[in-house]
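Enquirer: Below you will find the structure I want to go over with you.
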Amino acid sequence: QVQLVESGGGLVQPGGSLRLSCAASRSITSINRMNWYRQAPGKQRQLVAQLTRGGNTYYAEPVKGRFTISRDDAKNTVYLQMNSLKPEDTAVYYCNTFLTGVDYWGQGTQVTVSS
């Protein structure tokens, strides 16, 4: 079992940057995959980035080259560094993992990219 708490969202102008954090209630070193999803108004929730236990990463095509997922095992925290933000990045961003047959989600953090 794990609890996930996101933070770091906010309002940013196009071209700006934000760093999202996902704090886990337990050690993440043994968790196979940590994910960031996003859901824009009226759209389905979509996978944005994934980090495996072995350090492999996956990025959705729209964010490649702009977003970076990373982890700090000492802090039980996963990050999503978002650069060169665009209005189409506006969404609620969720941290997620799948552990012992259960999907765990954080409460989400709003990211709004607007001038």
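Enquirer: Using the Kirkwood formula over every pair of different C-alpha atoms, what hydrodynamic radius in Å results for the chain?
Expert: 14.0 Å
Enquirer: Find the relative contact order for the chain and round it to a whole percent, using C-alpha pairs within less than 8 Å whose residues are 6+ positions apart.
Expert: After rounding, I find 37 percent.
Enquirer: Would you please give the FRET efficiency between SER25 and LYS86, computed as 1/(1 + (r/R0)^6) with r the Cβ-Cβ distance and R0 = 41 Å, to the nearest 0.05? Spell out each step's value before the answer.
Expert: On the way: r = 33 Å, r/R0 = 0.79.
Efficiency computed from Cβ-Cβ geometry: 0.80.
Enquirer: To the nearest 20 Debye, how big is the dipole of the chain about its Cα centre, given +1 on the beta carbon of each Lys and Arg and -1 on that of each Asp and Glu?
Expert: 100 debye
Enquirer: Using the heavy atoms of the protein chains alone and a 1.4 angstrom probe, what is the accessible area of the stretch 29-115 per residue in square angstrom?
Expert: Computed with neighbouring chains in place, this is 54 Å² per residue.
Enquirer: Percentage of Cα-Cα pair distances in the stretch 44-109 greater than 19 Å, rounded to whole percent? Could you put the intermediate results ahead of the total?
Expert: On the way: 733 of 2145 pairs.
In whole percent, the long-distance tail amounts to 34.
Enquirer: Let me ask something else about it. First compute the accessible area of the stretch 60-115 with a 1.4 Å probe, then give the percent of it belonging to carbon and sulfur atoms. List each step's numbers first, then the result.
Expert: On the way: 1370 of 2740 Å².
C and S atoms contribute 50 percent here.
Enquirer: Still on this structure, I have one more. Between SER114 and PHE98, what is 0.36 nm times their sequence separation minus the Cα-Cα distance? Round to one decimal in nm. Walk me through the numbers on the way to the answer.
Expert: Values: separation 16, 0.36 × 16 = 5.76 nm, distance 3.27 nm.
Length gained between SER114 and PHE98: 2.5 nm.
Enquirer: For LYS86, list the lysines whose Cα falls under 21 Å from its own Cα; do not include residues on the same chain fewer than 8 positions away.
Expert: LYS43, LYS64
Enquirer: With N set to the residue count of the stretch 6-60, report its C-alpha Rg divided by 2.2 N^0.38 Å to two decimal places.
Expert: Working: Rg = 13.2 Å, N = 55, 2.2 N^0.38 = 10.1 Å.
For the stretch 6-60, the normalised Cα radius of gyration is 1.31.
Enquirer: Of the candidates GLN81, GLN13, GLN44, which one comes out as most mobile in a Gaussian network treatment of the chain with C-alpha springs shorter than 10 Å?
Expert: GLN44
Enquirer: Sort out the exposed loop trypsin sites (Lys or Arg not before Pro) in the chain (DSSP loop, at most 14 other Cβ within 10 Å) and tell me the longest stretch that has none.
Expert: With trypsin sites (Lys or Arg not before Pro) excluded where exposed in loops, the chain gives 65-115 as its longest stretch.
The values are calculated or read from the model by the stated rules, or taken from the named source; none is laboratory data. For clarity, every value in this text was computed on a predicted model and none was experimentally measured. When we count neighbours, we look across all protein chains shown, and the Cβ atoms used for this are built from the backbone with ideal geometry, even at glycine. Accessible surface areas use protein heavy atoms only, side chains included; no ligands, DNA or RNA. Shrake-Rupley method; radii C 1.70, N 1.55, O 1.52, S 1.80 Å.
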